[in-house]
Structure formats: structure tokens, C-alpha cells
Amino acid sequence: ETAQNKTAAGFYLPDSAKEKSKVANVVAVGSAVADVKVGDKVIFKEYSTTEVKVDGTEYIIVKEEDVLATLA
């Protein structure tokens, strides 16, 4: 295990425990969201989402604070 896998508290994390980011296209935005708009492609934290299915289409709900970046 390498030092880069060690947390600030001194715990060692296996690669499988690390949170990975995901990429998605924005199809809707709540009224209070300032920095993301429909059509943007965003990178977000993988484990901070809520998945819903509406009329056979799957959607992912992501809080604005969990969006890591917007891609050009």
C-alpha cells in the first residue's frame, strides 16, 4: 500500500473504496441552480446521486454541490 492511499486520519483505502467520478448530460435544472444549464456535460461524484425511472427513461439526480466540473 502506498502513501497516496492513506487518508489524513491514517487509514489505508483499497482502490475499490475510492469514489470515482462520472460524466452525464444535463437534461433539466432546478430553479435555484446557478452554474449548470441544460445541455451542459458535467462530471459528478459517483456515490452522491439518486437514480429514478420515469416513463421507462432512467435519470440521475445530482446536487449542484456534487458537480465537480462542467466540460466544454
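Label points 7 Å out from Cα along the Cβ direction at residue 48 and residue 28: separation in nm?
So the label points at residue 48 and residue 28 sit 2.2 nm apart.
In the neighborhood of residue 59, defined by Cβ-to-Cβ distances under 13 Å, what is the net charge if each Lys or Arg adds +1 and each Asp or Glu adds -1?
In short, -2.
Taking every pair of Cα atoms in the range 28-72, average 1/r, invert it to obtain the Kirkwood radius, and report Rg/Rh to two decimals. List each step's numbers first, then the result.
On the way: Rg = 10.9 Å, Rh = 11.4 Å.
A ratio of 0.95.
What accessible area, in Å² to the nearest ten, does a 1.4 Å probe give for residue 64?
Counting only protein heavy atoms, the figure is 70 Å².
With θ taken as phi - 60° and the coefficients 6.51, -1.76 and 1.60, list the Karplus ³J(HN,Hα) couplings across the range 34-45 in order, rounded to whole Hz; mark glycine and proline as x.
9, 9, 10, 10, 4, x, 5, 10, 10, 9, 9, 5
The values are calculated or read from the model by the stated rules, or taken from the named source; none is laboratory data. On a predicted model such as this, the values are computed, not experimentally measured, just so you know. Cβ sites come from the backbone with ideal geometry, for glycine too, and all protein chains shown count toward neighbours. Just the protein is used for accessible areas: all its heavy atoms, side chains included, with ligands, DNA and RNA removed. Shrake-Rupley method; radii C 1.70, N 1.55, O 1.52, S 1.80 Å.
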